[in-house]
Each structure stands twice: as structure tokens, then as C-alpha cells.
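Visitor: Sharing a structure with you now.
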Amino acid sequence: MHLPSTKIWREAKIGRAHLLFKSLAPHGRHTKRPLHQIPISTMTPIPSQATDPKLTPFLLLAKSAKGKAAADLVSQATAAPGLYNYGELLETESIKALQGGKEWEMLRLFAYGTYMDYKGNSDAYPPLSDAQLAKLKVLTLVSLASIASAHTLPYTDLMSTLDLSSDSALRVLIITAIYAGLIDGKMDAATQSFRVSRTKGRDIELSDTKTVDKMLAILTTWDAACTGVLQDIDDKLRDIAEARKEKEHADAAHAAKCDKITDELKAQQEKSKGKGKGKAGFNDDAMDIDEGAGHEGSVGSGRNFFGLGGGNQERKRKNRGSNEKKR
């Protein structure tokens, strides 16, 4: 089954209350409530795409149109180029007054039905013009594309269903739907098929509970998938935050260790400088004493200072004095 894109879900409509899920807040990420458990009345609607500028003139005219004028308005709206949504027009009081007539059934056909419905009971509707038939076939193509198996519509099936006599007529119909923004896809000449990539949602009748339930089931699955993705994102963010804290602690410990090593190196360097200054002071004092005590030259005075030659000098003086007395 073809699952339309997110844009289509935003355009999904039930009657004139268009269920548009701009976001699941406040019911989605934090409450974790399944979509099917959220009351529809609490969902925040997005302004409907049905208020198309092309539909606005018909809505204004419908306020005052009655009887035949209202019936003519229906014929004009269903034949108007580029107009493909009729749900709001069906809700106007003047159009509701046509219930039971062929014009009412024709408008319902363009809002909810298909070309096959028209073929099966053409007497229930007024005769359709070529423009109306072409538009009904475009709308039918949208409905078929939304339920296409494997997102592919064979040309032969489309031509048979829509009563088209040639490939060229089918291509014109597909191009019309694409330019109207109703579908996106690719015409594949090799496989003679149309590959659907996106479809726009059509009007949905409130009494069509089967379609409504089917849509809600798809949206519930989509909601569960979104909730799972959000949970994964939350888990990733939590892991990243924890990893960041661990890295900050590791960086702080590394910085403290580096500071400690730096302080130890500075202390060792200061201690080494202190020892070097002490040795230099001892040598300077020795040199000063040596220079002050020497009368016989630096070598003798140095030896005398260290006690290596002082005794011999004294004996020489005594011997010299004793010799002088004898004379």
C-alpha cells in the first residue's frame, strides 16, 4: 500500500474538520501517549488547505444561492479548472438544501467518488461535460495512486479503468494531475507504468468509518515510529552529555597532574641553584685568605695557609737568629 508523505498527512481531512498534525506536542514526545488514545477534540488543527482561492468565490456565492442557482453553482464548481476540493462547499446550507437531487450527488461524487462510481450508476447524476469527465478522471487517478501496489500503476490498468483510448491521452491526464500538485511520480516508458512518489489527500466523508479508521491506523503507526526516533535521539543526547562530562573530568585530572609535575620540576631547579651558589662562595673566601696571608708569593702563601710550608719558614728564621748571636 502506498503511504503518502508527511505533507499529505498535514492535508488529511475528515469533513470540514481537517485533522492536521503540525506536531504531536503536547501529546507526543513528553506524554508518550499513543495517537489513538488522544481525543480528536484536543488535537491542534492547522488551517485547512481547502480554503483554496479557487474555491473561495463559490463559497461566497453559496451563501446567497438557492434552488436552481445553487444547482448551477455546483455545475460551475465541478467544471472549474484547477479546483479539486469540495468538502467545504458541501457543508454550506444552500448546497445542503439540494440533498436528494442529482446536483447534490454530483458534488459528492467529485468530493469523495471516482469515475468507476459514475460508470456504475450514471443515471444518478446529471450529464457530465468533457471538462467534468476529465476532472473526475484526474481525481480517480489520485485515488488509485494513493492505494497503488508497490507504488506502481501500469498503463494498461489505468487506460482500462479510466476508459482512455491511447497512451498519449493517459500521459496528458497524468501531467495534468502532476501540474495541479495532486500527485508526484515518474512515467516509465520502459515498463509502461507510472511510479508514484507522492499523492495529495482527497476529501474524506465522516460517515466513511472504514477509511477514517484506516487513516488513523496509519497515523498511529507513524506516531509510534516518530516516538521511537525521538527516544533514540534522547538516548544519543544523554550519551553525548555523559561522554562530555567524563572528558571534562579526565581533562581536569590531566591538568592537575601536569601542574604538580611542573611544580616539582621548579622546586628541583630552585634547589639546584641554591647548591651552586654555596660552592662558589667557598672558593672566593679561600682565595681572599690566600691573598691576604702570602708574603713570599702566591704559591708559598697558599701552602702556608693550608699548613703545608709554614713550619720550615719558622725554623729558618730561628736558625738565622741563633747564628747571628754566636757571632
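Visitor: Determine how large the accessible area of SER122 is when every protein chain is in place; take a 1.4 Å probe and give Å² rounded to the nearest 10.
Guide: For SER122, the solvent-accessible surface is approximately 50 Å².
Visitor: Next up: In square angstrom, what is the accessible area per residue of region 210-276 with a 1.4 angstrom probe? Present the calculation step by step, with values, prior to reporting the outcome.
Guide: Details: 5400 Å² over 67 residues.
Value returned for region 210-276: 81 Å² of accessible area per residue.
Visitor: With a 1.4 Å probe and every protein chain kept in, tell me what percent of the accessible surface of region 208-266 is carbon plus sulfur.
Guide: Details: 2860 of 4600 Å².
Percent of accessible area from carbon and sulfur atoms in region 208-266: 62.
Visitor: Given a 1.4 Å probe, how much area per residue of region 54-207 is accessible, in Å²? Working shown, then result.
Guide: Working: 7260 Å² over 154 residues.
On a per-residue basis, region 54-207 sits at 47 Å².
Visitor: Pop out the Kirkwood hydrodynamic radius of region 93-162 from its pairwise C-alpha distances, inverse of mean 1/r, in Å to one decimal.
Guide: Numbers: mean 1/r = 0.0761 Å⁻¹.
Mean inverse Cα-Cα distance, inverted, gives 13.1 Å.
Visitor: Pop a pseudo-label 7 angstrom from the Cα along the beta-carbon direction at both ALA224 and THR211 and give the gap in nm to one decimal.
Guide: Output for this residue pair reads 2.5 nm.
Visitor: Expressed as a whole percentage, what fraction of the accessible surface of region 54-207 belongs to carbon and sulfur atoms when a 1.4 Å probe is rolled over the protein heavy atoms?
Guide: On region 54-207, the fraction of accessible area on carbon and sulfur atoms equals 55 percent.
Visitor: Something else about it: Hey, if we sort ARG244, ARG171, ARG202 by accessible area with the 1.4 Å probe, largest down, what's the order?
Guide: From most exposed to least exposed: ARG244, ARG171, ARG202.
Visitor: Shifting gears a bit: Over region 54-207, what per residue volume does the convex hull of the Cα atoms give, in whole Å³? List each step's numbers first, then the result.
Guide: Numbers: hull volume 17.2 nm³, N = 154.
It comes to 112 Å³ per residue, whole-number rounded.
Visitor: Provide the packing ranking of 96-109, 181-194, i.e. peptides ordered by the mean count of other C-beta atoms within 10 Å per residue, highest first.
Guide: Top of the packing list down: 96-109, 181-194.
Visitor: Between region 121-142 and region 184-218, how many Å separate their Cα centres?
Guide: 19
Visitor: In the structure shown, do any of LYS186/LYS210; LYS137/LYS186; LYS63/LYS96 have a Cα-Cα gap over 20 Å, and if so which? Please list the in-between numbers first.
Guide: On the way: LYS186/LYS210 30 Å; LYS137/LYS186 18 Å; LYS63/LYS96 11 Å.
The pairs that break the limit, which is 20 Å between Cα atoms, are LYS186/LYS210.
The values are calculated or read from the model by the stated rules, or taken from the named source; none is laboratory data. This one's a predicted model, so the numbers in the text were calculated from it and none came from an experiment. Cβ sites come from the backbone with ideal geometry, for glycine too, and all protein chains shown count toward neighbours. Just the protein is used for accessible areas: all its heavy atoms, side chains included, with ligands, DNA and RNA removed. Shrake-Rupley method; radii C 1.70, N 1.55, O 1.52, S 1.80 Å.
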